[in-house]
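These notes concern the structure reproduced below.
The values are calculated or read from the model by the stated rules, or taken from the named source; none is laboratory data. On a predicted model such as this, the values are computed, not experimentally measured, just so you know. Cβ placement follows ideal geometry from the backbone for every residue including glycine, while neighbour counts extend to all protein chains displayed.
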Amino acid sequence: MSDDRKNVVWEEKMMTRISAIVMVVLLIVLVLFMLTCDAMAYRVDGDLGDWGLNLSGDWNRVETWMPASATADWIVEDNIDCESHPKARPRGYCGIHIKGSGTSYSNYTEPKITWYGKTWYGVKKAFKNEQPSGRRRNDARTREVNDIEAMYFDTNETHVFFAFVTSIPPDDDKMGDLAIDLDNDKDTGSYGGYEYGIGLQGMYRGMVCRNPEWSGTIDFPYNIIPYRMVNGTITGRAAVKYVKLNVSDYECPNWAIEIGVPREAFGNPSTEQVSNLHITLSCGNDIIEIGEVSWDYEIPEFSNIAVPLVVSILLYYYYHRRKEEKELC
Ligand SMILES: [Ca+2]
Ligand SMILES: [Ca+2]
Ligand SMILES: [Ca+2]
Ligand SMILES: [Ca+2]
């Protein structure tokens, strides 16, 4: 065999081997990628780092609260909204008030809450106060013990996830259940449109209920919004982790709550579904809501791997065929 012919045979062998090696490597990468797709879901462990949050950072910076997922819906309302209520007291007990979807966000005005009491001369009167309220409303510490700082929502193909930051400890019955107006319609469901609830305390702790009845708040805003599920049909269980954070806010400890629930507990909502979320405290001192969260999720982008894989398979096939044809000749 001539040297030229030897070189051609050697090159063909090398190309076939290289194609085979590349194909095997890409196949392994593709399999690993598909196996880890589900692992890209949130881990329900009370650590909100997988949401992209950096809660050991400065709570007055947006970056601290910014989620990593483009499909996360979220709201942050730490302390009092001093921008909207500049006369709020105590002075300095202020915090970020933003709501967003993915990495886009905007400021929002946190509404005041109303309570009803008698004046010193005996006449009933409505009073308004900034959220969160406290026993001594001009004292930061008694406001802070009633603060729910943030709420997050996101979904993947199989599950829906929620996360909260709050000053309410896990053994305190003050923390209400999560109310979900699944169909974004205030006229269906109960107590203001809510079809589902997830129990954080009380008789339905860790459970998802459909069409629950609700007890209302006992003070602000005066028994008209849902606080605790008292009756309903259980449709699933929620994984709930309630973990103390290594930070304190106005000398009060804070907790992260992370929740994961299979979509089927909510009747497998489509990706087009939008819903409203609400949670409050027994006294109604703080209310946190997100309107029109979306049940969409990002489809994993594996074209970057699939395209070279297909090219490698074709190359391998081409050289293999050429080799066979030459051997037949
Ligand atoms: Ca987590
Ligand atoms: Ca706070
Ligand atoms: Ca709050
Ligand atoms: Ca509804």
> Out of segment 157-195, which residues are more than 16 Å from ligand 2 (Cβ to nearest atom) and basic (Lys, Arg)?
Replying inline: Lys186
> Only one of Pro262, Pro253, Pro300, Pro308 is at pLDDT 95 or above, surrounded by fewer than 20 Cβ atoms within 10 Å (Cβ to Cβ) and more than 19 Å from Ile168 (Cα to Cα); which?
Replying inline: Pro262
>> Between a residue in segment 285-297 that is within 18 Å of Glu144 (Cα to Cα) and any residue that is part of a loop (DSSP other than H, G, I, E, B), which pairs come within a Cβ distance under 6 Å, given they are 6 or more apart or on different chains?
In response: Asn285/Pro132; Asn285/Ser133; Asn285/Asn146; Asn285/Phe220; Asp286/Gln131; Asp286/Pro132; Asp286/Asn146; Asp286/Asp147
> Within segment 57-79, how many residues turn out to be in a loop (DSSP other than H, G, I, E, B) and either within 16 Å of ligand 3 (Cβ to nearest atom) or among the polar types (S, T, N, Q) (or both)?
Replying inline: 6
> Out of (1) within 20 Å of the chain's Cα centre (by Cα); (2) within 8 Å of ligand 4 (Cβ to nearest atom), what's the single condition that is false for Gln201?
Replying inline: (2)
>> Out of everything in segment 83-107 that is free of Cβ contacts under 8 Å to residues at least 12 places away in the same chain and part of a loop (DSSP other than H, G, I, E, B), what residue ends up being farthest from ligand 4 (Cβ to nearest atom)?
In response: Arg91
> Out of curiosity, is Glu272 modelled with pLDDT of 95 or more and either part of a strand (DSSP E or B) or surrounded by fewer than 17 Cβ atoms within 10 Å (Cβ to Cβ) (or both)?
Replying inline: yes
>> Consider segment 209-239. How many of its residues are of a type in the set (A, V, I, L, M, F, W, C) and buried (at least 17 other Cβ atoms within 10 Å of the Cβ)?
In response: 6
> Filtering segment 117-170 down to residues that are of a type in the set (Phe, Trp, Tyr) and under 30 Å from Tyr42 (Cα atoms), which residue is surrounded by the most Cβ atoms within 10 Å (Cβ to Cβ)?
Replying inline: Tyr152
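Residue by residue, here is whether (1) within 16 Å of ligand 4 (Cβ to nearest atom); (2) part of a helix (DSSP H, G or I); (3) within 20 Å of Leu245 (Cβ to Cβ) holds:
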site	(1), (2), (3)
Tyr121	no, no, no
Gly134	no, no, no
Arg143	no, yes, yes
Ala163	no, no, yes
> Among (1) surrounded by 18 or more Cβ atoms within 10 Å (Cβ to Cβ); (2) within 16 Å of ligand 2 (Cβ to nearest atom), where does Arg91 come up short?
Replying inline: (1)
> Taking interchain pairs and intrachain pairs at least six residues apart, which have beta carbon atoms under 7 angstrom, with the first residue in segment 179-191 and aromatic (Phe, Trp, Tyr) and the second surrounded by 14 or more Cβ atoms within 10 Å (Cβ to Cβ)?
Replying inline: Tyr191/Trp214; Tyr191/Pro226
> Taking the condition away from ligand 1 (no atom under 16 Å from the Cβ) and crowded, with 21+ Cβ neighbours inside 10 Å, does Tyr191 pass?
Replying inline: no
